[in-house]
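Rule-based calculations on the coordinates, nothing more; no lab input. Computed from a prediction, not measured in an experiment: that's the story for all the values here. Glycine gets a Cβ as well: all are built from the backbone with ideal geometry, and neighbour counts include every protein chain shown.
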Amino acid sequence: MKKGCLISIIAVAALALIVLSVVLWGTKVYNGMVTMQETVTSQWGNVETSYQRRSDLIPNFVNTVKGAANFEQTTLTQVIEARSKATSVTIDPTKMTAANMQQFQQAQGQLSSALSRLMVVVEKYPELKATQNFRDLQVELEGTENRISVERKKFNDVALTYNTYIRKFPQNFLAGMYSFQIKPYFEAEKGAEKAPEVKF
């Protein structure tokens with residue numbers, strides 16, 4: 001075999017090896033991004049399920065409270081309206097943006113606020129707080145709020161892993177080519193950084 005032919009075969013083999021290595025690397029990176037994106041989507045489903053659980057408990061809670069004589073209708077109406085608004089704001093996890101996340105979080109925050117006001121008003125009705133049904137629903141709502149907090153933290157954790165991965169070099173090239181987008185995070189409520197003032 002001629003020396004020039006052997007060099008050509010070696011060069012073609014080396015080039016084929018380089019191309020194969022790049023293809024294998026690209027496949028591994030792409031599949032990794034898909035897996036992480038699906039993890040974010042799945043965790044978003046867990047967040048929505050927790051919020052839906054809270055939303056499903058509210059009608060029973062409102063009906064229990066409504067049964068108390070002379071209960072303030074305005075507070076109940078605010079809870080019902082906030083629930084309606086919160087359930088109408090949804091996010092497609094594949095098209096998640098900071099703007100629609102903020103809208104979702106704001107609607108859920110308004111519902112949390114309305115529920116907090118309701119709980120303050122309930123303090124004026126000891127006979128209502130004494131009923132077993134009210135206590136059971138209150139415990140379920142508190143448990144649901146804890147679940148929401150846990151699922152939001154898990155969402156932020158998986159979004160951080162995904163966002164970090166797709167922004168790193170050289171993955172960012174493939175992420176841009178295949179339209180892998182940064183996922184927004186849940187943020188603390190405004191004013192949460194201030195400690196509450198306690199007066200005795």
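Once the Cα atoms are used to define both axes, helix 3-66 deviates from the longest principal axis of the chain by about 10 degrees. Looking at region 1-72, the trypsin sites (Lys or Arg not before Pro) that sit in a DSSP loop and have at most 16 other Cβ atoms within 10 Å of their own Cβ are 2.
Taken along its principal axes, the alpha carbon cloud of region 84-147 reaches lengths of 47, 19, 17 Å, longest axis first. Were the residues from residue 116 through residue 131 laid out at 0.36 nm apart, the gain over their Cα-Cα distance would be 3.5 nm. Note on the chain: with a GNM built from Cα contacts shorter than 10 Å, the maximum mean-square fluctuation among 135, 152, 83 falls on 135. Compared with the alpha-carbon gap, the fully stretched path from residue 7 to residue 98 is longer by 27.2 nm at 0.36 nm per residue. Determine the alpha carbon to alpha carbon distance for each of 28/154; 66/183; 85/124; 85/129; 124/153; 124/154 and list only those over 31 Å. From the list (28/154; 66/183; 85/124; 85/129; 124/153; 124/154), the Cα-Cα distance tops 31 Å for 66/183; 124/153; 124/154.
With distances taken between every two different alpha-carbon atoms, region 1-60 has a Kirkwood hydrodynamic radius of 16.0 Å. At the listed q of 0.18 Å⁻¹, the Debye profile of the chain, built from one uniform point per Cα, gives log10 I(q)/I(0) equal to -1.20.
Just 160, 174, 17 to compare: in a GNM of the chain, with alpha carbon springs under 10 Å, which one fluctuates most? Fluctuation is largest for 17. Anyone know which of 165, 30, 178 comes out most mobile in the 10 Å Cα GNM of the chain? For the chain, modelled as a Gaussian network with Cα springs under 10 Å, the answer is 178.
For the chain, the relative contact order is 31 percent, taking Cα pairs closer than 8 Å that sit 6 or more residues apart in sequence and dividing their mean separation by the residue count.
When both region 90-147 and region 36-68 are represented by their alpha-carbon centers, they are found 9 Å apart.
Rounded to the nearest 10 degrees, the angle from helix 132-167 to the longest Cα principal axis of the chain is 20 degrees.
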